[in-house]
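The values are calculated or read from the model by the stated rules, or taken from the named source; none is laboratory data. Since the structure is predicted, the reported quantities are computational estimates derived from the model, not experimental observations. Please note: Cβ atoms are built from the backbone with ideal geometry, for glycine as well, and neighbour counts cover all protein chains shown.
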Amino acid sequence: MLQDAGDTPDYVYFPTTGIISVLTVLESGMMIEFATVGREGTTGVPVFLGMGDSNMALISQVPGMSLRMRSKDFLAAIDRHRGFADIVKRYSGMLLALVAQSAACNRAHHVEERCARWLLMTHDQAGDAAFRITQEFLAQMLGVSRPSVALSAGALQKAGLIKYHRGEMTITDRLGLERAACECYAVGREHFLRLENARDGSYPEATEDGHHAHPKVVSPAGIDPVTKQLQPREAGEEPMLPRAAAAGVLRTCADARATPIS
């Protein structure tokens with residue numbers, strides 16, 4: 001557990017190899033995932049929006065490494081560096097759009113479709129086709145019963161789309177899994193691509209009917225993370241976090257440190 005529900009967030013995390021689940025906690029103690037943060041983003045959106053204490057909890061979904069900053073230093077960096085603030089603002093908007101899509105998805109789509117969507121998003125954010133996940137944990141993340149997840153995962157495995165054995169999940173047919181997922185995966189994917197294209201100012205121009213052309217699809221590894229690793233510090237320079245998903249190199253405070261998330 002990286003943050004308990006109701007606690008003031010002391011740190012903001014920038015996952016580099018792992019994935020963090022953002023959960024809402026009910027009075028019964030049941031936790032339901034409403035967002036995930038991987039190498040493309042940060043857990044700092046609630047801090048950026050001034051939410052303070054909330055019923056949100058943070059847990060490690062896929063163990064790995066992350067950079068972290070104290071929340072006060074994160075806010076100070078936003079005040080000091082316009083580029084950093086612009087990136088966080090764009091990412092915050094994208095995350096809120098994904099949360100809204102997820103709410104509709106949970107209401108409208110079958111568990112098997114939602115399971116496929118969740119696995120695809122995990123693949124995108126982790127950058128690895130194999131990762132550890134228990135059926136119990138996946139059921140909790142989807143807000144359904146374990147038998148429902150077992151049936152859905154079994155159907156996907158029977159179709160040759162995934163392989164699951166003793167907590168090890170492997171995506172064996174990504175294109176097939178995309179076809180099995182609901183429309184919400186493609187919608188979420190487009191949000192990520194908009195964020196990526198905004199980095200180079202290359203978001204597609206609007207067509208005659210006022211809609212934007214669909215961005216060219218890139219591989220999961222093509223999505224730039226908000227942070228990857230600390231860059232070497234030159235004498236007399238501020239420590240830097242590398243390229244973000246929306247613009248250039250970020251200069252930030254010395255409090256950003258690598259830390260395991262597990």
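A few notes on this one:
- Scanning the range 150-183 for residues that are hydrophobic (A, V, I, L, M, F, W, C) and more than 22 Å from C105 (Cα to Cα) returns A159, M169.
- Residues located in the range 2-17, provided they are within 29 Å of R107 (Cβ to Cβ) and within 11 Å of the chain's Cα centre (by Cα): P15
- Taking each residue of the range 111-122 that is in contact (Cβ under 8 Å) with a residue 60 or more places away in the chain and within 12 Å of C184 (Cβ to Cβ) and looking for partners that are surrounded by fewer than 24 Cβ atoms within 10 Å (Cβ to Cβ) and acidic (D, E) with beta-carbon atoms closer than 7 Å, six or more apart or interchain, yields L120/E178.
- Evaluating V62 against the criteria (1) crowded, with 21+ Cβ neighbours inside 10 Å; (2) among the aliphatic types (A, V, I, L, M); (3) at pLDDT 90 or above leaves one unmet condition, (3).
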